[in-house]
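Okay, so here's the structure we're looking at.
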Amino acid sequence: MDSRSSSHTATSAKGKEIMIMDPNVYNSPDDIYADWDTDDELEMEFFEATLQDKGASSPGSSSYNSSKVDHFVSMGFPEKRVVQAIKENGEDNDEAILNSLLTYSAIEDTSSGDDICLDDFSDSDGDNCRAVKGTERYSDNKDKTISILVDMGYQIEDVLIAIERCGYETPIEELADYICAAEMAKVADVTEFRPPPQIPRIQIDKKRKAFPKVNERHRKRPDIRRERSSESYSHKLMIGYGVPGCAPAVCHRKLPDHVVGPPYFYYENVALTPKGVWDDISRFLYDIEPEFVDSIYFSAAARKRGYIHNLPIDGRQPLLPIPPKTIHEAIPDTKKWWPSWDKRTKLNCLLTCIGSAQLTERIRKRVLSGDPSEADKQFVVEQCKKWNLVWVGKNRVAVLEPEDMEMLLGFPRFHTRGLSRTDRYKTLGNSFQIDTVAYHLSVLKPLYPNGMNVLSLFSGIGGAEVALYKLGITLNNVVSVEISPSSRKVLQDWWEENGLQGKLIHVDNVEKVDKGMLDRWIDEFNGFDLVIGGSPCNNLAGGNRRTRDGLEGEHSSLFFQYYRILNHVRDSMKERALS
DNA sequence: CTAAAGATGAGATTACGG
DNA sequence: CCGTAATCTCATCTTTAG
C-alpha cells in the first residue's frame, strides 16, 4: 500500500529533483481542515429539513434545543466526534458544528465506518419522487416491441435506447416518434433537449450548495434510489452520450445552470460499484448524471467506467489514429497461435494483478495433446478470460506485457518503464483509457487555443495529462496531486522527455491541498480551466474481496477530497469573477 | 530485503428458459 | 412473470522463492 507519509522530493530518471509543494508552509498540520468551509455559507434549509425529517421519523430523538450532543448523535454522528466538534465550534454555532462533522466524516479513515450514519438526504424529497415508474417492465411485450420497431426500419441501438429512456410500456407510436425526433436532432445538431430524468432535482437555493450525505447502505428500507438506478443507469450498451461509430438516439443533455461553463471538471471511477455509490457521487457532483462508457469501443480491452463532468458533449472527436479494437489487430503475433475454440476477440478489463507463470504452464499441459477435451477447453478459456491471457506460441498462453497494457490504454510505449514489473501492472491497471477520456475532453480543444491550466487529482501515471497532450492542447500549468512517488516520477519523466514547456507542480497528498494553496494557484495562473481526476476505486471495485466498503472505504472516501477541492476552486473562481 | 505466487468470493447485471 | 445460471470485476493479504 502506498504510504501517505510525505516525501518532499523524488529523484527523476535524469537525476533532477521533483519539487513537491509543502503545504505546511501555509498551514500547520492540525489546522489544515480547521478553516475548511467554516466561513462558507451552509445549506441550512437542507440541514433543518433533515433535522425535522429525522425528528418526525424517530419521535424518541432529542428535540432541537434540549441536548446538543444527542441531537447530532441522533443524526448518526459518533458521540466522540460530536463532543469534539461542539467543543471546537462553540455550543451555539450549529452550522459550524455540522460542518466540522461533515468534514470529518468525509476526510477521516472510518475504521468504525458504520457509526457515521446521517439521515438520508433523499428522504425529504423521496415522497415527491415517486413519479418514477415501477420496474415491472420486462414483459413479453419487450421483445415484440423491439422486433416491430426494427421491422419498421429503425436501428436496433436506437430502439433499445428509446425503450430504455421511455420505458417498455411506452406505445410503439410514441417510441417511433422518439427515435425520429432523436434522428432529427442528430442531423440538425440541436443542442437543446428534453430534460431526461423524471426524477425531480433537489432544488434549494441555487446560489448555495447542497451538502448531501453519504448514505448508510446497510439500512433495510425501501430505497427510491434503487429505482432511479435501474431507471437511468442502464449499463446495457455503455456508450454514454455516444462513442465513435455508435451514437445514441439522443446525445444532448441539460446541465444545471450553475455548473455550465468553466471551470470544467471531469470525474472518473469504476462503473460497477456497490449499489447507491454512483447516486451518492452524483448527488455531490451537482446532481449531474454519470456517463457510463465501456472502453471496449475505443480499445481492444474492456473498461467499464462512469464519468461525471460538465463538458459540452457536442463536437467530440476521437484521437487519431484510431487504435486497434480487436485482440488480433492489437497484438498481431497472437493470431497464428489462436485456437479456433477460443472465441475471444476482445480482452476483459485490464487489472492491477496478473496471472502467474505457473498458471500458464498448467494451461500448456492441458492443451499439449493438440486435441483437448471439452472440459479442458472450458477450463482454459475460463482462465484466459479471468487473467486476460493471450496465445503467444504453440499451445502456449501468456499474460499481457506491460507494453501491451500501455498500448491498450493509449499510453506511449514504455511509458511506465523504470518501475518494477509489479508496479507497472499496478499503476497501469489503475489508469485511464486515454482514447476514451480524450474523446470526452476533445471538446476543450477549440475552447482553449492558448492552452489550459489543469488541476489533476489522483494523477497516477498521468492519464489526464497524456490525453490532453495527445489532443494537442497546450498544458500551461498543471498541478498534479499523486501519493505514489514512483507514479509522480513517471509523469515527471514523461513531461521532460516530451519537452513540455508548461509548469508542472507536484503535490503528494490530496488531503494537504488546502484553500490557501488553491487560491495561490488560482491567483498565479488566473484560475484552473479543468479539474480532473479519478478517485481511488479500491473499496468500490468488484475484485476486492476484503474491503469493498463503498464510498466510505479507507481509500475510496478520498472522493470527498475531489469534491472538497473542486468545490473550492469553483467558489474561489466565482468570487474572483465577481470582483 | 523485494518480487512473485497463491488463496480469498461477493455483488451486480444479464441472459435465458420455464 | 419468476428463478437460476453465467459472466465479470482500476483487489488484498499471506506465504514462498530468491
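Brief remarks on what is shown
- Among the trypsin sites (Lys or Arg not before Pro) found in region A:477-564, those both in a DSSP coil and sparsely packed, with 15 or fewer other Cβ atoms within 10 Å of their Cβ, are A:Arg545, A:Arg546.
- 22 Å Cα-Cα threshold exceeded, pairs from A:Lys336/A:Lys385; A:Lys445/A:Lys503; A:Lys304/A:Lys325; A:Lys343/A:Lys385; A:Lys470/A:Lys503; A:Lys325/A:Lys394: A:Lys325/A:Lys394
- Tail fraction, Cα-Cα pairs, region A:327-415, threshold 15 Å, whole percent: 57 percent
- 5 Å-binned pair-distance histogram of region A:241-304 (Cα, whole percent): 4, 13, 20, 23, 21, 15, 3, 0
- Rolling a 1.4 angstrom probe over region A:442-563 with all protein chains present gives an accessible area of which 44% lies on carbon and sulfur atoms.
- If you take the alpha carbon atoms of region A:475-558 and fit the smallest convex hull around them, that volume is 116 Å³ per residue.
- Radius 10 Å from Cβ of A:Arg364, net charge of other residues (Lys, Arg +1; Asp, Glu -1): +4
- Extension gain from A:Arg253 to A:Glu496, taking 0.36 nm per residue of separation minus the Cα-Cα distance: 83.6 nm
The values are calculated or read from the model by the stated rules, or taken from the named source; none is laboratory data. Since the model is a prediction, treat every value here as computed from it, not as a measurement. Every residue, glycine among them, receives a Cβ derived from its backbone with ideal geometry; neighbour counts consider all protein chains shown. Protein only, heavy atoms only, side chains kept; ligands, DNA and RNA dropped before computing areas. Shrake-Rupley method; radii C 1.70, N 1.55, O 1.52, S 1.80 Å.
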